[in-house]
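This report refers to the structure that appears directly beneath it.
Please treat every number below as a calculation from the coordinates, not as lab data. All of these numbers come straight from a predicted model, not from anything done at the bench. Here the Cβ is made from the backbone with ideal geometry for all residues, glycine too, and neighbour counts use every protein chain on show.
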Amino acid sequence: MTLSGQLANWAIKFNIALVALTALLAILRVLVIVPTLPKDARTALRTSRSTKKRVLKPGFYWHRGLAKGIEHILYGKSVTSVKVDINVDGLPLGTSGGNSLWPILGKVN
């Protein structure tokens, strides 16, 4: 595994903030002289730059994926079972107009 990949796994495992990982990458690029390291944490973590949303009248629908979220939370942990609580609730985006957000929230135990 590359140094960049190892740093990405370390950042995910220990919940390192993006700004902290970006600062560490800058230090390593200068002091250790590893020019192949990315300059930004989002590149090291392969963060998506865009999202795919579907038109679902009268609005839009975006889905990250339950499996992807659970995999992210449980990365590197050994578990035998997972309990997921799901909640859906509407949230108005302003006092005037009919725009609203309906997040599907989940908690993994």
Next on the checklist: Suppose R0 equals 35 Å. What FRET efficiency, 1/(1 + (r/R0)^6) with r the Cβ-Cβ distance, do Ala20 and Ser96 give to the nearest 0.05?
Outcome noted: 0.30
Item to check | Once the Cα gyration tensor of region 3-44 is diagonalised, semi-axes √(5λ) in Å | outcome: 16, 10, 8
Item to check | Ser81-Arg46 pseudo-label distance in nm [points 7 Å out on the Cα-to-Cβ vector] | outcome: 3.2 nm
Item to check | q = 0.26, 0.27 Å⁻¹, region 46-104: log10 I(q)/I(0) [Debye, one scatterer per Cα] | outcome: -1.20, -1.23
Checklist entry - Taking square-rooted eigenvalues a ≥ b ≥ c of the alpha carbon gyration tensor, is region 1-84 rounded, prolate or oblate, where a/c under 1.5 means rounded and, failing that, a/b exceeding b/c means prolate? => result oblate
Checklist entry - About the Cα centre of region 53-108, what is the dipole size in debye to 20, counting +1 per Lys and Arg Cβ and -1 per Asp and Glu Cβ, all else neutral? => result 180 debye
Checklist outcome for this item: Here the gain from full extension of Val88 to His72, 0.36 nm per residue of separation minus their alpha-carbon distance, amounts to 3.6 nm
